[in-house]
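A quick write-up on the structure given underneath.
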Amino acid sequence: MTLENDKDLRELVRKAALLNAVQHGGKAQAGAIVGRIIGEKQELKTKAKELSRLIRKIVDEVNNLSIEEQKGIVEEKWPEALKKEKVEEERRLPPLPNADKYTQIVTRFSPNPDCVLHLGSARAIILSHEYARLYKGKFILRFEDTDPKVKKPVLEFYDRIREDLDWLGCKADEEYIQSDRLPIYYEYAERLLREGNAYVCTCQPEQFRKKTLSREPCDCRSLSAEANLERWQRMLEGGYDEGEAVVRVKTDVEHPNPAVRDWPALRIIDPAKYPHPRVGSKYRVWPLYNMAAGVDDHLLGITHVIRGKEHLTNQVRQEYMYRHLGWKYPETIHYGRLKITGASLSKSKIVQGVREGVYTGWDDPRLATFAALRKRGITPDSIKKMIIDVGPKTADVTLSWENLYAYNRKILDPQSNRYFFVSNPVELRVNNIPRVFEAKLPLHPEKGEFTKRFVKVTLRGFREYTITPDYEDQSVTFWIARKDAEAVELGKVIRLMELFNIQVQVKYTVSGIGIDREKIVALEAFFVSESYEEVRKAKVQLIHWIPVGQEYPCEVIMPDFASNKGFAESACEKLKPDTLIQFERFGFVRVDKNDAKLTAYYAHK
Ligand SMILES: [Zn+2]
């Protein structure tokens with residue numbers, strides 16, 4: 001059998017050629033494919049000449065297709081191949097320390113459900129999830145909800161956080177809720193007390209502070225284990241009131257950092273005054289952050305803790321407890337602060353603003369919550385890409401909204417269909433139009449249509465409008481944006497995009513004919529010519545338009561919550577909610593509602 005007749009081989013070559021083409025802008029390299037095929041099928045080495053002839057032939061066929069067609073075939077026949085390429089492309093994070101020491105990498109994200117998630121959490125979530133994925137490990141979501149008093153959790157946020165993670169593509173493999181785990185923390189508290197590594201301190205906070213600052217132990221530190229366990233029982237049974245007793249883990253009373261000296265691990269919160277939204281008044285003794293997080297990281301088998309460097313002292317604190325319990329502390333990566341200029345990331349301000357009605361909800365476009373970003377059409381992939389590019393470095397990083405928009409634009413530009421939106425519309429009457437025009441506007445500039453072997457193939461399609469001049473005076477009236485109407489200079493030629501060239505003669509204002517920009521109500525122009533080539537060199541102003549009668553009411557909510565009202569073209573009537581589109585010369589928007597009127601949220605330019 002000749003190679004030419006080997007169906008399986010042909011298919012193998014075709015797949016390699018298509019993948020190679022998709023990776024190289026539509027043009028496959030025959031040489032690379034020869035190497036790849038021989039690598040897979042050593043027996044073909046002796047038939048290299050015949051093989052490379054076959055490969056060149058198939059590569060020519062593949063290269064004759066447009067990249068869209070190539071992608072289409074790959075997506076249809078070998079969708080997993082594209083995914084594999086993607087993973088490789090993203091594999092740019094530095095390796096995890098000591099990853100080879102563990103049979104399975106386990107990371108976690110551990111939010112307090114006292115607010116929705118916002119951009120400030122993106123780094124912890126995405127890095128932890130991405131590392132787990134890269135190492136085929138496990139990503140755990142752990143709700144840290146053991147402070148029903150100051151950082152009181154709220155029921156609705158548990159679900160909102162889960163939703164946000166799903167949206168980001170960072171769904172957890174396992175989930176834990178600390179308020180379900182109180183008996184576990186009690187068990188380890190008792191063990192620490194029993195083994196003399198913790199004590200119940202009943203000193204007045206002020207008194208203890210003085211002692212600790214002067215590197216002296218308080219009297220409780222030298223109590224016997226029995227005495228401590230007795231005090232512990234009293235704590236649990238209500239023998240102490242809030243603030244009267246606290247379990248402290250023994251560290252070093254002379255530790256250079258006073259915050260490390262005998263840190264508090266569990267305290268009393270009055271269950272009648274501060275019931276927990278999930279477990280009610282069941283518990284009066286609650287673990288503090290380092291106790292709960294430290295015990296859980298060990299018990300849940302977290303191998304790598306990836307978190308902000310503000311946690312460095314917590315690691316020092318927790319390491320004492322780990323030594324007491326004979327545990328090995330997980331590997332840690334402490335990244336620097338990530339600031340997004342102009343984004344308010346204060347949880348308390350967000351919660352307060354929403355509760356008081358300053359913001360319309362968790363997805364108010366003025367917020368940097370994931371819900372708001374979602375509403376505006378910021379894609380999860382753009383956030384992911386940005387965070388992975390920043391990586392886990394320890395230096396502080398300041399980014400701007402513009403940085404995020406640039407990532408998002410790269411994703412939206414090739415996929416979003418184009419439409420016209422005329423904001424704050426003004427009428428433009430064009431006279432002397434010589435004939436009927438069929439305006440055929442591609443839904444996407446690069447993907448409207450292409451020619452394949454002399455046959456025109458339409459991929460995305462067009463929006464089509466028939467421009468029929470009035471029988472009597474050969475005029476057509478359009479809507480144009482007020483901004484454009486203001487900028488037009490009388491007597492200068494401008495072009496209605498994809499239609500024809502006109503010259504504006506008159507601007508009508510509320511008080512008659514004039515140049516009062518603010519008060520323009522209509523423009524009058526006449527038809528000049530059709531060809532774009534004719535005016536292209538002169539760099540004439542290009543403006544978008546909607547024929548009167550073809551308009552569809554549209555409102556775009558801007559990131560500052562300003563409303564931009566006007567008309568979209570009638571083709572927008574069919575758009576489904578959640579579609580991301582580009583209004584030409586205006587920006588990318590996400591369709592939020594579409595019911596006799598289009599409501600969209602603005603993403604960015
Ligand atoms: Zn004490």
Rounded to the nearest Å, what's the spacing between the alpha carbon centres of region 243-316 and region 526-605? Just the number, please.
54
Links that overshoot a 32 Å alpha carbon limit, given the list Lys410/Lys537; Lys149/Lys605; Lys537/Lys605; Lys57/Lys537
Lys149/Lys605; Lys57/Lys537
Cα-based Debye curve of region 277-357 sampled at q = 0.18 Å⁻¹ gives log₁₀ I(q)/I(0) of -0.94
From the convex hull of the Cα coordinates of region 175-326, what is the mean projected area in square nanometres?
9.4
With angles folded into 0 to 90 degrees, how steeply does helix 79-90 sit against the dominant principal axis of the chain? Use alpha carbons for both and round to 10.
60
Diffusion coefficient, µm² s⁻¹, Stokes-Einstein with Kirkwood Rh over alpha-carbon pairs of region 198-284 at 4 °C and 1.567 mPa s
94
Expressed as cubic angstrom per residue, what is the convex hull volume of the alpha carbon set of region 53-193?
192
Calculated FRET efficiency, Lys328 and Trp78, Cβ-Cβ r, R0 45 Å, to nearest 0.05?
0.55
With respect to the cross-link table entries Lys77/Lys138; Lys211/Lys250; Lys71/Lys171; Lys101/Lys384; Lys136/Lys393, which display a Cα-Cα separation exceeding 25 Å?
Lys77/Lys138; Lys71/Lys171; Lys101/Lys384
Listed residue (Val154, Tyr176, Ser110) projecting farthest to the positive dipole end of region 105-196, Cβ model:
Ser110
How much accessible area per residue does the chain have, counting only protein heavy atoms and a probe of 1.4 Å, in square angstrom?
48
Can you compute 3J(HN,Hα) from phi for each residue in region 206-212, using the Karplus curve 6.51 cos²θ - 1.76 cosθ + 1.60 with θ = phi - 60°, rounded to whole Hz and x for Gly and Pro?
5, 4, 4, 4, 4, 4, 5
Relative contact order (percent, whole number), the chain, Cα cutoff 8 Å, 6+ residue spacing:
10
Which of the peptides 284-292, 225-233 is most tightly packed, and how do the rest follow, going by the mean number of other Cβ atoms within 10 Å of each residue?
284-292, 225-233
Given Cβ point charges of +1 (Lys, Arg) and -1 (Asp, Glu) and nothing else, what value in debye, to the nearest 20, does the dipole of the chain about its Cα centre take?
1400
Amide H contacts under 5 Å for Phe421, placed H, 5+ residues apart:
Glu584
Mind jotting down a quarter of the surface of the convex hull over the alpha carbons of the chain, in square nanometres, one decimal?
38.8
Using mean Cβ contacts within 10 Å as the protection proxy, how do 522-534, 563-575 order, highest first?
563-575, 522-534
Compute the label zone of Thr394 within region 322-346: residues whose backbone N is under 19 Å from the point 7 Å along Cα-to-Cβ.
329-339
Under 5 Å from the placed amide H of Val493, counting only residues 5+ away or on other chains, we find none
Cα-centre dipole for region 79-225 with unit charges at Cβ (Lys and Arg positive, Asp and Glu negative), debye to 20
540
Here FRET efficiency (C-beta to C-beta, Glu68 to Thr2, R₀ 35 Å, nearest 0.05) is 0.60
Length added when fully stretched, Leu155-Met497, from 0.36 nm per residue minus Cα-Cα:
117.9 nm
Rounding to the nearest 20 debye, state how big the charge dipole of region 1-148 is about its Cα centre with +1 on each Lys and Arg Cβ and -1 on each Asp and Glu Cβ.
640
What order do you get for 40-50, 195-205 when each peptide is scored by the mean count of other beta carbon atoms within 10 Å, highest first?
195-205, 40-50
Enumerate the calculated ³J(HN,Hα) couplings along region 401-407 in order (Karplus 6.51 cos²θ - 1.76 cosθ + 1.60, θ = phi - 60°), each rounded to whole Hz, writing x wherever the residue is Gly or Pro.
4, 4, 4, 5, 4, 4, 5
Projected area averaged over all directions for the convex hull of the alpha carbon atoms of region 126-225, nm², comes out at 9.7
Calculated from DSSP H runs of 4 or more alone, at -39500 (n - 2.57) each and per residue, what is the 222 nm mean residue ellipticity of the chain, nearest 500?
-10500 deg cm²/dmol
Derived scalar couplings ³J(HN,Hα) [region 269-283; Karplus, 6.51 cos²θ - 1.76 cosθ + 1.60; whole Hz; x for Gly, Pro]
10, 4, x, 6, 7, 10, x, 8, x, 9, 10, x, 9, 5, 10
Candidate cut points under chymotrypsin sites (Phe, Trp or Tyr not before Pro) in region 464-506, DSSP loop plus at most 11 other Cβ atoms within 10 Å of their own Cβ, are Tyr471
Amide H contacts under 5 Å for Val106, restricted to residues at least 5 apart in sequence or on another chain and with H modeled in the peptide plane, are Lys138, Thr303, His304
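The values are calculated or read from the model by the stated rules, or taken from the named source; none is laboratory data. Quick caveat, the model's predicted, so the values are computed rather than measured. Positions of Cβ are backbone-derived with ideal geometry, glycine not excepted, and every protein chain shown enters the neighbour counts. The accessibility values were calculated without ligands, DNA or RNA, using every heavy atom of the protein model including side chains. Shrake-Rupley method; radii C 1.70, N 1.55, O 1.52, S 1.80 Å.
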